[in-house]
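The structure appears below as structure tokens.
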Amino acid sequence: MEHLRVPGPTPCPTDVLQSMTKQMINHRGPEFGQILNGITAKLKQSFQTKNDLFLLTGSGTGGLEAAIVNTLSPGDKVLSASIGVFGERFATIAEKFGAEVVPLRSEWGTAADVDAVRQALKTEPKIKAVLTTHNETSTGVTNDLEAISSAVKEFDKLLLVDAISSLGSINLPVDDWNVDIAITGSQKGWMVPPGLAMVSVSQEAWQAHANATMPRFYWDFGKAKSYLEKGETPWTPAISVVFALSVALDMILKEGLANVFARHARVAQAARDGIKSLGLSLFAEESHASNTVTAIAASDGLDTKKMLKILREEHQVILAGGQQKLDGKIFRIGHLGWVTEDDIEIVISALKKVLPQAGFRAR
Ligand SMILES: *Cc1c(COP(=O)(O)O)cnc(C)c1O
């Protein structure tokens with residue numbers, strides 16, 4: 001058996017996979033409508049929100065693009081509080097559609113500086129929205145979104161949040177934290193194959209939608225809303241992935257959201273403890289270390305590429321490397337979704353054998 005421990009796609013439970021062998025159904029018929037309405041209600045519970053919530057067929061990045069084009073106009077100023085690769089991606093999408101991005105970057109491995117966010121909003125009163133990442137998968141850092149949100153709301157700005165690798169795994173009460181648009185993707189903590197993005201949309205986001213002039217068609221929330229009223233999606237959805245999501249949401253809510261979050265916290269602690277016991281150190285500042293992905297600094301002669309190859313070929317353990325400027329500098333363990341402490345033990349004991357073979361000499 002392969003041990004897939006990358007931060008998405010994540011392994012899927014057997015019942016989730018089996019639901020996908022079901023024959024196709026009419027996506028304009030009553031059976032699909034029932035499933036979609038059920039999923040929408042369960043996702044609202046998982047997002048802890050009463051806001052509108054849409055299922056979009058696309059990957060998480062499609063959801064990020066949807067958040068931008070539904071709320072902004074070319075020339076709008078947006079603050080990008082970015083702490084890694086995915087923060088940069090969110091900002092790039094805004095820029096490509098003509099927004100004027102004011103960058104506020106934190107050193108990779110650290111969280112966003114909330115006072116700097118407040119200061120930037122004070123300095124640039126024309127900023128319309130703040131883009132940020134709840135859990136930065138590229139560095140293994142979770143931002144203090146509650147604090148960021150209160151800074152953003154002091155100035156009454158829209159808050160658009162990439163929560164792709166946190167929602168459903170790390171507590172994110174969308175309504176309590178006033179998140180205007182929260183975005184996630186099926187292949188992360190939801191234990192479902194890739195193919196769906198899920199987004200929540202607040203009243204303030206709808207007001208922005210009414211005046212936003214960036215080009216939008218496929219991702220138009222207005223169409224998503226009017227079709228959802230009939231139990232449909234505007235375009236043909238990834239029906240098999242919808243079946244899978246329905247089963248996975250039942251599993252998550254049966255376990256209980258609080259229990260799911262607590263399990264992720266325990267598993268992440270086991271990963272961090274295990275890594276340190278091997279003589280390695282975390283890449284992320286520990287106070288903000290993520291409960292869904294652990295990033296580890298390559299040190300003391302470790303060749304991460306060689307390590308990843310031996311892990312894969314000889315131990316069937318699949319971990320992730322670093323992205324962009326972190327390539328070769330870190331490696332990452334994904335521990336979100338269908339994961340327990342036993343899965344982490346398998347990774348740590350494989351690492352124990354492989355590290356010396358990949359040049360690591362513990363001090
Ligand atoms: C995975 C991920 C994305 C990209 O999602 P895709 O489904 O690959 O488009 C964006 N942001 C974060 C934080 C992620 O973890």
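So what does log10 I(q)/I(0) come out to for segment 148-273 at q = 0.12, 0.13, 0.16, 0.17 Å⁻¹, using the Debye formula with one equal point on every Cα and no solvent?
-0.57, -0.66, -0.97, -1.07
Give me the mean projected area, in nm² to one decimal, of the convex hull enclosing the Cα positions of segment 26-160.
That works out to 9.1 nm², a quarter of the Cα hull's surface.
When DSSP beta bridges are limited to those with both residues in segment 15-254, what percentage is antiparallel, rounded to the nearest 5?
40
Sort the following peptides by mean Cβ neighbour count (other Cβ atoms within 10 Å, averaged over residues), highest first: 301-308, 25-32.
Most protected by this proxy first, the peptides run 301-308, 25-32.
Over segment 112-201, give the accessible area per residue in Å² for a 1.4 Å probe, as an integer.
Each residue of segment 112-201 exposes 27 Å² on average to a 1.4 Å probe.
Given N residues in segment 240-282, what is Rg(Cα) / (2.2 N^0.38 Å)?
For segment 240-282, the normalised Cα radius of gyration comes out at 1.66.
For segment 81-138 and segment 233-295, what is the separation of their C-alpha centers, rounded to whole Å?
24
Above 14 angstrom, tally the Cα pairs of segment 1-63 and express them as a % of all pairs, no decimals.
Details: 1447 of 1953 pairs.
Summing the P(r) of segment 1-63 above 14 Å gives 74 percent of all pairs.
Per residue, what accessible area does segment 23-86 have, given a 1.4 Å probe and all protein chains present, in Å²? Numbers along the way, then the final one.
Numbers: 2190 Å² over 64 residues.
Per-residue value: 34 Å².
What ratio of Cα Rg to 2.2 N^0.38 Å holds for the chain?
Numbers: Rg = 20.4 Å, N = 363, 2.2 N^0.38 = 20.7 Å.
Rg over 2.2 N^0.38 Å, computed on Cα atoms: 0.99.
What order do you get for 121-128, 355-362 when each peptide is scored by the mean count of other beta carbon atoms within 10 Å, highest first?
Highest-to-lowest ranking by the protection proxy: 355-362, 121-128.
How charged is the neighbourhood of Ser19? Take every other residue with its Cβ under 14 Å from the Cβ of Ser19, and add Lys/Arg as +1 and Asp/Glu as -1.
Counting the neighbours of Ser19, the net charge comes to -2.
With a 1.4 Å probe and all protein chains left in place, how much of the accessible area of segment 15-254 comes from carbon and sulfur atoms, in whole percent?
On segment 15-254, the fraction of accessible area on carbon and sulfur atoms equals 50 percent.
What would the Debye equation give as log₁₀ I(q)/I(0) for segment 17-101 at q = 0.16, 0.23 Å⁻¹, counting only Cα atoms as equal point scatterers?
Computed log10 I(q)/I(0) values: -0.83, -1.12.
The values are calculated or read from the model by the stated rules, or taken from the named source; none is laboratory data. A quick note: this is a predicted structure, and the numbers were derived from the prediction, not measured. Neighbour counts run over all protein chains shown; Cβ positions are idealised from the backbone, glycine included. Remember, those area values only see protein heavy atoms, side chains included, never the ligands or the DNA or RNA. Shrake-Rupley method; radii C 1.70, N 1.55, O 1.52, S 1.80 Å.
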